[in-house]
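These notes concern the structure reproduced below.
The values are calculated or read from the model by the stated rules, or taken from the named source; none is laboratory data. Not measured: the values here are computed from a predicted model. Cβ placement follows ideal geometry from the backbone for every residue including glycine, while neighbour counts extend to all protein chains displayed.
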Amino acid sequence: MAFRSGFVTIWGQPNVGKSTFLNYVLGRKVAIVSSKPQTTRQVLKGILNLPDAQVVFLDTPGLHSPRDEFGKWMVQEAEKALDGVDVLLYMIAPDNREEEDKKYLNSLHSFTGPVFLVLNKKDLVQEEEARKILSRFSNLFPFQGKAAVSSITGEGISELLSEIVEALPPGPPYYGEDVISDIWEKDIVAEIIREKIWWYTYQEVPYGVEVRVEEFKDRGDILYIRAIIYVERDSHKKIVIGQEGKMLKKIGEEARKEIEFNWGKKVYLDLWVKVEKNWRKRPEVLGRWGYRTK
Ligand SMILES: Nc1nc2c(ncn2[C@@H]2O[C@H](COP(=O)(O)OP(=O)(O)OP(=O)(O)O)[C@@H](O)[C@H]2O)c(=O)[nH]1
Ligand SMILES: [Mg+2]
């Protein structure tokens, strides 16, 4: 059988489990995950090497109606991830807002490749309910295939992967076998720190957080990392630092443990918190950080 390779974009509303799915498929965490919507901000590639195929997945920010410049940038990122890809996985979850899905599926009619409908979080519903949801969606779009999976238990995923591989064109791999993701070391660290902030802070705080790694130095026995956590308001800074610095300490400890685990090395993590007022609405700040809208 000929070797196959291609690009597969994971698309869908926020919080349906796109990043969790990617991490499960790769057997490794490349994308951060949280129980809050709009966790993923940038398109991230995750590369799966199989004996007979290479599948390059693109995890995307959840589709939503943007409320500011930054939200606009996130949705544009997701839309750009349709260009030139071979296969699309449209992901839904049992607690999805189906009206919204109709809108996004309608916008897909210009996509020429095969589209698979993937109902994630199957573990949360009975078999019968999963079947009903899939059949309701059948009328909305000419899907190439449909699958119900769980990105927590792994149910249904290997069958779906075989279908995806079959839908890919024959061709050589795009990346070397040792490449798992296109995300750089500094960005992985920034994302790990951001994930902990998403886990431990509430309401508007995580949405207004941006993490920039300013220094990343391997000093032989220790990895020295200096990062700035930007927040939108003074009150948010207080929350992220916490009483007597407790919150920042907890975020730092959790992030440090994960970085040490990933790099197999001791880490010194130097965290700072700064206010960048209303950065999500300010094109000049977004531009400086590489978030340019069209
Ligand atoms: N029970 C269950 N929970 C899941 C499953 N997949 C993901 N989750 C949970 O759903 C939440 C959202 O997961 P994410 O992977 O961050 O979702 P996402 O689609 O990437 O979200 P955005 O990046 O915001 O677009 C997390 O709390 C996950 O643990 C699943 O198959 N079953
Ligand atoms: Mg995500």
So the check is Cβ under 6 Å with 6+ separation or different chains; which pairs have a first residue in the range 166-188 that's in contact (Cβ under 8 Å) with a residue 60 or more places away in the chain and a second one that's in a loop (DSSP other than H, G, I, E, B) and surrounded by 14 or more Cβ atoms within 10 Å (Cβ to Cβ)?
Ala167/Pro114; Leu168/Asp86; Ser181/Val30
Options Lys146, Lys186, Lys121; residue that is touching a Gly at 6+ places or on another chain (Cβ under 7 Å) and not aromatic (Phe, Trp, Tyr)
Lys121
Unmet criterion (only one of (1) free of Cβ contacts under 8 Å to residues at least 12 places away in the same chain; (2) small (Gly, Ala, Ser); (3) closer than 24 Å to Glu185 by Cα) for Gly17
(1)
Residue check, Ala190 outside the structural domain of Asp270 (by TED's automatic domain parsing), buried (at least 16 other Cβ atoms within 10 Å of the Cβ) and touching a strand residue (DSSP E or B) at 6+ places or on another chain (Cβ under 8 Å)
no
Subset tally (residues that are in contact (Cβ under 8 Å) with a residue 60 or more places away in the chain, of a type in the set (Ser, Thr, Tyr) and near ligand 2 (Cβ under 10 Å from one of its atoms)) for the range 20-69:
3
Can you spot a residue in the range 242-261 that is farther than 25 Å from Asn15 by Cα, within 25 Å of the chain's Cα centre (by Cα) and acidic (Asp, Glu)?
yes
Restricting the range 1-57 to residues that are more than 14 Å from ligand 1 (Cβ to nearest atom) and among the small types (Gly, Ala, Ser), which is farthest from the chain's Cα centre (by Cα)?
Ala2
Can you find even one residue in the range 219-226 that is of a type outside the set (Phe, Trp, Tyr), surrounded by fewer than 17 Cβ atoms within 10 Å (Cβ to Cβ), touching an Asp or Glu at 6+ places or on another chain (Cβ under 6 Å) and not in a helix (DSSP H, G or I)?
yes
